[in-house]
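Written below as structure tokens is the structure these notes are about.
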Amino acid sequence: MNTGHRVIFAALACAGIAGTAPAAIAETPAGIPSQQEIGNQLKTRGLPTLGTAPAPPPGPAPEVVPANVPSVPPPHETRHPPIHPVVSYPPPAAAAPPSKTFRTITFEFGSAQLKPESIETLRNLGNALNQDLKDEKGFLIEGHTDKTGTRAYNEELSKRRADAVKDYLVKDLGVSADRLTTVGKGFSELADPRHPYAAENRRVVVVNIGAS
């Protein structure tokens, strides 16, 4: 086989391999939490299961003291009760209730109008509330902003945004309004205090207050 035939054969072989390559698999949008993920993060944590104490290892039988025979200390020996130091322990810190931060629920600039790209996240949240979390009593929807603008403006804007999330969950997804409470926190709890104007601070947080 001459050199020209070898080149043609190699080109045909490469073309055959390329033709049999599988098609690319479409991926879901990055960062959008699934219904299962939301349900797992907002579900009440149960108490840990207590184990069974192991049986003591076999050993010599304890010494048997005859009945009605008082224990007499040796002469010139006085027994004193043992002194145990008093140790005070701080009360255990209360565990934080389950919560989930949503950065894929977004709004138009300076508005409580939900952006279309928020709908998939809201649907997953609504389905989780209606199915995975149907036995949980109540949830708090928190609105958070960055530090652009005054405190009063951001508290009012974040409250309207939290209300917009609740309205969508109730009207479009059938979540009971009695289970949802809203609050606007403005920039009082920045996610990134070192960068108060960063997009990371603009978010919606859902807290399982029925677990507290």
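The values are calculated or read from the model by the stated rules, or taken from the named source; none is laboratory data. It should be emphasised that the depicted structure is a prediction, and the values quoted were computed from it without experimental measurement. Using ideal geometry, Cβ is built from the backbone for each residue, glycine included, and neighbour counts are taken over all protein chains shown.
Within the stretch 120-179, being in contact (Cβ under 8 Å) with a residue 60 or more places away in the chain and β-branched (Val, Ile, Thr) holds for 121, 141, 165.
Of all residues in the stretch 31-45, exactly one satisfies the criterion of being of a type in the set (Ser, Thr, Tyr) and either assigned to a helix (DSSP H, G or I) or at pLDDT below 95 (or both), namely 44. Report yes if residue 67 is farther than 30 Å from residue 156 by Cα, surrounded by fewer than 11 Cβ atoms within 10 Å (Cβ to Cβ) and modelled with pLDDT under 95, otherwise no. Spelling it out, residue 67 is indeed farther than 30 Å from residue 156 by Cα, surrounded by fewer than 11 Cβ atoms within 10 Å (Cβ to Cβ) and modelled with pLDDT under 95. Filtering the stretch 166-183 to residues that are over 20 Å from the mean Cα position of the chain (by Cα) and either of a type in the set (Asp, Glu) or in a helix (DSSP H, G or I) (or both) leaves 167, 168, 170, 171, 172, 177, 178.
The set of residues in the stretch 131-163 that are closer than 13 Å to residue 107 by Cα and crowded, with 22+ Cβ neighbours inside 10 Å comprises 143, 144, 145, 158, 161, 162.
So that you can scan it fast, the table gives a plain yes or no per residue for (1) surrounded by 13 or more Cβ atoms within 10 Å (Cβ to Cβ); (2) of a type in the set (Phe, Trp, Tyr); (3) at pLDDT below 95:
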position	(1), (2), (3)
173	yes, no, no
178	no, no, no
184	yes, no, no
189	no, no, no
192	no, no, no
204	yes, no, no
207	yes, no, no
212	yes, no, yes
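Return yes or no: is residue 117 more than 15 Å from residue 38 (Cβ to Cβ), in contact with a strand residue (DSSP E or B) (Cβ under 8 Å, 6 or more places away or on another chain) and in a helix (DSSP H, G or I)? Taking the combined requirement at face value, the residue does not satisfy it.
When residue 95 is tested against (1) modelled with pLDDT under 95; (2) surrounded by 13 or more Cβ atoms within 10 Å (Cβ to Cβ), just one condition goes unmet, and that condition is (2). The set of residues in the stretch 121-153 being over 17 Å from the mean Cα position of the chain (by Cα), within 14 Å of residue 165 (Cβ to Cβ) and part of a helix (DSSP H, G or I) consists of 123 alone.
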